[in-house]
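These notes are about the structure you will find just below.
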Amino acid sequence: MAGVENTADKKARFEAATETIDSFVNLKEAELECARERSSVLRKSWNEGSLEIPNGKYYELLEESERDLNSILGEVATLRSEKNKIVGELTDISLFQQEVQAARSRDWSYIDLLISRYLPVHGAIKSVKPTNSDARRPQFRKALIEASGSLSSDGKSLWCPISKAFWPAIALTAGHIVKVNVGDNVAFALFGTPEYEKSHIWSKKNGILMLEEYEEAWDAGRFVIVPKLRDDGSEDETLKIVVLDRSLLDEKAAINRPWGKALDGLELQFKTSLRPLKRYLYFKFVMTMLRRQRGEAPGAAQDRHKAGDIAKKLWMSPGGYLKDSTLYALSRQAGVMEDEKAIEFWNLMSKPEPVSELAEEVSKTLALTAELGMSLPDEKGKGRETASGNLDDEEIDE
């Protein structure tokens, strides 16, 4: 009889804990929408010239707004991805003594504490946190250098496929396309089982060696890298740059490397047959477009037009790269789009066919975690890297 009572009691606690977490998710998601709206209004007001504040103050407010947004986004993504673990902790008899059960069910700060246990230092959620990422970066860089044939004949410099020139090794970075913060768990769900290596994130096909200023501009959404199309509409192996940020076009050209207008339409030149997987480029493309849409960046409405047939091909047939429901969820989460706008954005005839409630929840969680991972800067070691890809021990600051 006692066993039956314990089972019934545990079931009641489980249901209460689940209801509590679901309520908290709803509360946090409403808070997330408010944060997005605040950020959007701030950007829009500034772009329209209705904010009479100094530039410095605007960027201070914008940074604070984005910091708050990423913080809440991390909480929502964590609640969704770690829901079962958190419910399990709330259900555990040691956490639900009679005298504290009701109080803890109402105590959001207690749940916040639970969430914080699943958040690593920089705000990315635990379920997508990379393992030993700092230790793997030099290995990733070295493997990319070898596979791409980027090392000069004298072994002192590296090839940048954008500038089409050799540079001192310290000037180049092994840039991830799908960022480390996205993590392999989410990458597996989005892209399926890796075809070439055990990891999507640390695959040589998820990286391009380039000058650091190019990576910064790429990550900031100032340009995208897409496959070139042949005359018959099929994709070429050639990759090219499409500049999205109009202000970049107005920046002065650099003396010794392509910049400004010279970047738009520039074709990358590689030393070997190694190329990034197009699915990774597509994903970064999608996230860049949607983040610009969400932030109402100047010219964002023209992004698809600028990207031309590549964008049209992607919107029309996402195929096996990313699930339609996840793409749709990404546009709703990262792009802050209503159904009608999301349908138009993805060039769909109608909203995607309904899927199971579980699949819908998984898609939404993937969208949130992917957005969070691509929004947060990757934590990088500060060691001075040699041409061969190794780090000088005395310079390492991990």
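The values are calculated or read from the model by the stated rules, or taken from the named source; none is laboratory data. Keep in mind the model is a prediction, meaning the values are calculated, not measured. All Cβ positions, even for glycine, are placed from backbone atoms using ideal geometry, and neighbour counts span all protein chains on display.
Looking at the structure I just gave you, is K261 in a helix (DSSP H, G or I), closer than 30 Å to P298 by Cβ, outside the structural domain of L73 (by TED's automatic domain parsing) and without any contact (Cβ under 8 Å) to a residue 24 or more places away in the chain? In short, yes. The test for being touching a Pro at 6+ places or on another chain (Cβ under 9 Å) and modelled with pLDDT under 85 does not hold for N84. Residues in the stretch 180-198 include none that are at pLDDT 90 or above and either assigned by TED's automatic domain parsing to the domain that holds F223 or not aliphatic (A, V, I, L, M) (or both). Would you confirm whether any residue within the stretch 219-226 is within 17 Å of the chain's Cα centre (by Cα), in a helix (DSSP H, G or I), at pLDDT 90 or above and over 19 Å from R136 (Cα atoms)? No, the conditions are met nowhere in the stretch 219-226.
May I ask you to verify whether R36 is outside the structural domain of A220 (by TED's automatic domain parsing), in contact with a Phe, Trp or Tyr (Cβ under 7 Å, 6 or more places away or on another chain) and buried (at least 16 other Cβ atoms within 10 Å of the Cβ)? For R36, the condition - outside the structural domain of A220 (by TED's automatic domain parsing), in contact with a Phe, Trp or Tyr (Cβ under 7 Å, 6 or more places away or on another chain) and buried (at least 16 other Cβ atoms within 10 Å of the Cβ) - is not met.
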